Every structure is written in C-alpha cells, then in structure tokens.
Amino acid sequence: MTEALLRSLASGCPIAPRLSPHADAVQEWLVGQLDRLGLPREAAGRERLARAGFARYAGRLYPDATEPDLRALTALFTWFFLVDDACDGPGRPDPVGIRALRDGTLALLREGPRARHPGFSGPLRRLLVQGWREPRRRMPARWRLRFADAVADHLDGVWREAVARSAGRPPGVDEYVALRRTTSAAYVSYPLIEFAGGRPLPDAVYHHPALRRLGELANDLLSWFNDLASLERDRATAGGHNLVLAVAAEREVPVPAAVELVGARWRTEMARFTALRAAVPSFGPALDESVTAHLDGVANAVRGTVDWTLESARYPVGAARRRGLIGAAAR
C-alpha cells in the first residue's frame, strides 16, 4: 500500500525530474573514496553505501554542477547520511555523542580543517574535510556562516530527537513537523545550490519571507515522502518519529489510514508549493536570474528526493525495484 502511494505521488509530482550527466562517474569515484577512507569499516556496510547511490541523489539536486563540484557535493551528502546512520537505529540515540559530533563539526566548518575536537575524528572527519574544501575556498564568508548555521540547526535537531527517543516520548504532529524540518538536512542542501551555481544570494534575499516559505514547504514535502518510504523501519526504531506514526497516534487511527492522510496532506502541500513558487516577486534584473536558479534548486530537492528514493537500495521501494531490474537483466 505504501509503495503504491509513493509511486502515485511521484507520478503526480509537477516538478520535472533532472539528473547530472556526471552522476554515475561520480558514484564510481565515491566508492573508491569510501574504500580509501575505510568508511564504513565493515565490507557489508561499504557495499550498502555503494548501492545507495548518493552521487545520483546529489546529481538530481544539483544537475548543472561540474563533475569536480559534484564530487564535493556527493562527499558532503555521504557525510550527512553516515551521520544519520550513526545517530539512528535501535539502541543508538546518544545525545552526548551527538553533541560532541556537533561541536567538532562546527569547529571545522567555522575555523577550518586545523580545528580539532575530541568528539570528532577519524574517517568521518576526513570525509567532511574533503567535501568542505572547495566550498570553503570559493564561497564568501557570509555564505560559509550560513551553511555552518544550517548544519548547527540540523545537528541540534538530531540531538533533540535523540533526547526524546531516549526518554521514550513520541511527538505530536505539530511538534514532529517542526522537528523534522531540522532533522531532514534540507536546509543544509539549500545553500549548496549557490555553491553549485556560483551565485550566492544576498542575505536579505535568501531570507526573504517568500523564499523562506517555499523552502519550508519543500522541506516538508521531501521529509514526508521520506517518512512514507521509511515507515516500516521507523515503526521498529524511531520511537514515533515519523509523520505517519504521529498522525496515527494523534488521530487514533490505524497506520494504513494514517498513510492515506499523510498522502493527502502531501498532495495539498505540493499544490501550495506550486502556487507560491509562481507568485515569488521580482527582486530586480540584477538578482532575478539567481533567485530563479535558487527556486529551481529548491524544487529539485523535492523531485530529486522523490526519484532517488524510488531507485535507491537504501529504501525498500528502491531495493525492490533494483531486484526487479537485476532479475529482468538475468532473464
């Protein structure tokens, strides 16, 4: 039932799909980097990461990035997924460890690669140093601060979720939606649109209410789609931190009914996103092209998440599709 809904939402998504022509080459590069760094340490984990296709995810969000820049973006995406894996799963919520990771990460982003912190070392640190090298070199200080602030907000959200899960306290719907906007890392991906396109926006434009509202809606759309795709895993491990589970508990309805409610809410918010995107005001001839590129990038974050989820072995629906393709090839 959930798989059918995911495919229905994808087929009805009005945002056109895009994919970088460099995605597959960068995916091969990534596998070599993971082997070189020893990430993850066990062979099965490296194979799982290789099949997840993180370069194709980055390539869907930043389809116009050069191949070298897509490598940097893919390294950053992979780092965030590794952090997510380290903080997720049964018995793993560790608020103290997450706080140390946050502090070490922000020291590196704000002070440079020479900054050291006892809670952040080893291969995971080296991967972030690699991914951050080009953005740090090329982007202005105000942009670097914007990115670091987004990372801080994301890791604070991961910490708050870990605290709630450790306490056995599932969230209500409104609380969950607000928290999910931080744990999704969508707000981290938005500044990277400017890196990929080489067009950093002024702060007054980047934080304009119209752009902020669109970014929030896009965050909800990609997060809720992910929640639907991750539902079965989250039922076992997330302590109620999934929109479907929060709706089922608050509305006192069975999970299948909650799935349908979340799907209906997704469609409503997608229609709102489309209307608001068309109504963004002009910022003048000097900025409108850059604003349009940013809005296209935010839309790509939604559509890219949808398409990557349906193809990635990281999620059951993607794994099933991959098995079907392999089986068809074998026949």
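The values are calculated or read from the model by the stated rules, or taken from the named source; none is laboratory data. The structure presented is a predicted model; accordingly, all values stated were derived computationally and were not measured. Neighbour counts are summed over all protein chains in view; Cβ atoms, including those assigned to glycine, are modelled from backbone coordinates with ideal geometry.
Condition (residue is within 18 Å of V26 (Cβ to Cβ) and surrounded by fewer than 22 Cβ atoms within 10 Å (Cβ to Cβ)) applied to segment 81-104: is it met by at least one residue? Yes, segment 81-104 has at least one match. Pairs meeting the criteria (first residue in segment 198-216 and among the hydrophobic types (A, V, I, L, M, F, W, C), second residue surrounded by 13 or more Cβ atoms within 10 Å (Cβ to Cβ) and outside any helix (DSSP H, G or I), beta carbons under 8 Å, at least 6 apart or on different chains) are L201/L287; V205/F283; V205/L287; A210/V280; L211/V280; L214/V280. Candidates are the residues of segment 262-275 that are surrounded by fewer than 17 Cβ atoms within 10 Å (Cβ to Cβ) and among the hydrophobic types (A, V, I, L, M, F, W, C); the one that is farthest from L214 (Cα to Cα) is A264. The criterion of being at pLDDT 90 or above, crowded, with 20+ Cβ neighbours inside 10 Å, more than 22 Å from G122 (Cβ to Cβ) and under 15 Å from the mean Cα position of the chain (by Cα) does not hold for A52.
Among residues that are surrounded by fewer than 15 Cβ atoms within 10 Å (Cβ to Cβ), small (G, A, S), in contact (Cβ under 8 Å) with a residue 24 or more places away in the chain and over 25 Å from F195 (Cβ atoms), G112 is not included. Against the conditions (1) assigned to a helix (DSSP H, G or I); (2) farther than 27 Å from G240 by Cα, A115 satisfies every one except (1).
Taking (1) within 24 Å of the chain's Cα centre (by Cα); (2) modelled with pLDDT of 95 or more in turn, P281 satisfies each apart from (1).
Return the residue satisfying two criteria in turn: it lies in segment 238-295 and is among the β-branched types (V, I, T) and touching a residue at least 40 places away in the same chain (Cβ under 8 Å), and of such residues it is nearest to A204 (Cα to Cα). Give the derivation first.
Of the residues in segment 238-295, the ones among the β-branched types (V, I, T) are 244, 247, 253, 255, 259, 262, 268, 274, 280, 291-292.
With the extra rule that they be touching a residue at least 40 places away in the same chain (Cβ under 8 Å), the set shrinks to 247, 259, 274, 280, 291.
Working: V247: 36, V259: 38, T274: 23, V280: 15, V291: 12 Å.
Once the filter is applied, the top-ranked residue is V291.
Among the criteria (1) in contact with an Asp or Glu (Cβ under 8 Å, 6 or more places away or on another chain); (2) aromatic (F, W, Y); (3) over 29 Å from V317 (Cα atoms), the one Y62 does not fulfil is (3). Scan segment 69-109 residue by residue and report those that are assigned to a loop (DSSP other than H, G, I, E, B) and touching a residue at least 40 places away in the same chain (Cβ under 8 Å). Within segment 69-109, D88, G89, P90, P93, D94 meet the criteria. Among the residues of segment 92-100, some residue qualifies, meaning at least one is under 27 Å from G215 (Cα atoms) and out of contact with any Lys or Arg (no Cβ under 6 Å at 6 or more places or on another chain). Of the residues making up segment 1-49, those that are part of a loop (DSSP other than H, G, I, E, B), surrounded by 14 or more Cβ atoms within 10 Å (Cβ to Cβ) and at pLDDT below 95 are L39, P40.
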